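Contents: one structure, followed by commentary.
The values are calculated or read from the model by the stated rules, or taken from the named source; none is laboratory data. No experiment lies behind these values; they were computed from the predicted model shown. For neighbour counting, all protein chains shown are included, and Cβ atoms are generated from backbone atoms with ideal geometry for every residue, glycine included. Just the protein is used for accessible areas: all its heavy atoms, side chains included, with ligands, DNA and RNA removed. Shrake-Rupley method; radii C 1.70, N 1.55, O 1.52, S 1.80 Å.
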Protein chains: 2
Amino acid sequence: MRVNIMVGGPQALVPKEQVLQRQNETWIGVDHGATLLLNWGIRPVAAIGDFDSTTTAEMARLQSQLAEIKTFPPAKDFTDTQLGVKAAIDAYAPDQIDIWGATGGRLDQLLANLYLPLQKAFLTYLPKIRLVDTQNIVQYFLPGTYSIYDQPQMDYLAFVNLTPVRGLTLPDEKYPLVNWTDKIPFSWSSNRFTSIVNHFAFDEGIIAVIWSRDLFQP
Amino acid sequence: MRVNIMVGGPQALVPKEQVLQRQNETWIGVDHGATLLLNWGIRPVAAIGDFDSTTTAEMARLQSQLAEIKTFPPAKDFTDTQLGVKAAIDAYAPDQIDIWGATGGRLDQLLANLYLPLQKAFLTYLPKIRLVDTQNIVQYFLPGTYSIYDQPQMDYLAFVNLTPVRGLTLPDEKYPLVNWTDKIPFSWSSNRFTSIVNHFAFDEGIIAVIWSRDLFQP
């Protein structure tokens, strides 16, 4: 099954239409993300976090409508997003975890979210985790050979080695790459699919593949 | 001297007031960032990029008002931001380079910007480069022992090892850390200053220090 986690990042970056298409799936609300889900008519199975950006009135509403609320102190060993992903794994052992509302705003939080699947506690789930926002889908890969598919409404394709990488090869993308090795992280941005399916492979490290699109904003 | 580079990221994330305070400094406009500067009454010394997000009318205006415009094809070996930073270094050998408009929007572009100072061509300039947006200041550090200072209007302090790191120590921050070593990138987010000046040190790797603040948006 697929579990969706709504984190409390800027609402403007959450693709509402896609979220509503999943209203009958399983949702976990993290911090202010739980209130956002209720506002959009989705009742999460649980709300989790320190709720430091949730008002007293919003908290009362969560308590009246949700079966399970787990409150943690702001100074804790895990970020709110980590608590949400842990809860999803513990309760459902899902085969896909999509995280929404995890981008924008504070870069320290964005990077904590981006790097979450790389941490030891989540590494076995890394291939199952995606971050989704209005302009981006981020999916994580361990060494191997993969087929990847063009996504509707997305224009660009990128490969980012979040760790040192060995042997990254993009055989059939618009801008190919052969057996690239580097110790330094790099974003091979603005690549393109050349057909519905393309491929890539690498021997060591962790790669984030990013599907993205431009969205001109005022 | 200090050179400012305005990149073409979402305008909503560019702190206009801080930019205007620097209107008499040296500015380089990258792609649509050049038009944004003109809109705000600042005439950059040069405009650089593929200008794929600049309209014909905006381009004509740049040509009539700027002394130097360097146009590159969209498929090139460097990103627009890299071209801007190279131009700043070649023309001015500045002792500080602040990059604005480099966050938000497409994550592949944000990560390309975040990782720019780590690349071989820019590594000697790494300690002089900062990214600035409405909620964040990112500064880069090579191994050493440092004093860092609380910044006005910023609430949080974070340490992010963008590469494997050895011996990261935060001796006097709110949440201290002693001799931390890891091969995996991690964002030690939501830390706090305990006085106007705090300290940190590490032996190997590259650390991004992020000053940030919450900014509740609709």
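Residues in region A:201-218 that are of a type in the set (D, E, K, R) and either touching a helix residue (DSSP H, G or I) at 6+ places or on another chain (Cβ under 8 Å) or more than 11 Å from chain B (Cβ to nearest Cβ) (or both): A:ASP203, A:GLU204.
B:ASP133 meets the conditions (1) farther than 20 Å from A:LEU116 by Cα; (2) more than 9 Å from every other protein chain (Cβ to nearest Cβ); (3) not aliphatic (A, V, I, L, M) in every case but one. The failed one is (2). For region A:156-172, filtering for residues that are surrounded by fewer than 20 Cβ atoms within 10 Å (Cβ to Cβ), more than 10 Å from chain B (Cβ to nearest Cβ) and of a type outside the set (S, T, N, Q) leaves 4.
Restricted to region A:195-216, and to residues there that are buried (at least 19 other Cβ atoms within 10 Å of the Cβ) and part of a loop (DSSP other than H, G, I, E, B), the residue that is nearest to the chain's Cα centre (by Cα) is A:ILE206. Residues that are at pLDDT 95 or above, under 26 Å from A:GLY101 (Cα atoms) and assigned to a loop (DSSP other than H, G, I, E, B) occur at least once in region B:135-146.
Scanning region A:116-154 for residues that are out of contact with any Pro (no Cβ under 8 Å at 6 or more places or on another chain) and of a type in the set (Phe, Trp, Tyr) yields A:PHE122, A:TYR146, A:TYR149. For region A:136-155, give me each residue that is polar (S, T, N, Q) and more than 9 Å from every other protein chain (Cβ to nearest Cβ). Selection gives A:GLN139, A:THR145, A:SER147, A:GLN151, A:GLN153. Taken together, A:ASN191, A:ASN198 contain a single residue that is of a type outside the set (A, V, I, L, M), at the interface with chain B (Cβ under 9 Å from one of its Cβ atoms) and in contact (Cβ under 8 Å) with a residue 24 or more places away in the chain, which is A:ASN191.
Total residues in region A:22-70 satisfying the condition of being of a type outside the set (A, V, I, L, M), closer than 20 Å to A:ILE97 by Cβ, touching a strand residue (DSSP E or B) at 6+ places or on another chain (Cβ under 8 Å) and open to solvent by less than 50 Å² (accessible area, probe 1.4 Å): the figure is 8. Just the residues that are within 11 Å of A:ILE5 (Cβ to Cβ), touching a Phe, Trp or Tyr at 6+ places or on another chain (Cβ under 8 Å) and either within 14 Å of chain B (Cβ to nearest Cβ) or open to solvent by less than 10 Å² (accessible area, probe 1.4 Å) (or both), please, taken from region A:83-118. Matches in region A:83-118: A:LEU83, A:VAL85, A:ILE97, A:LEU116.
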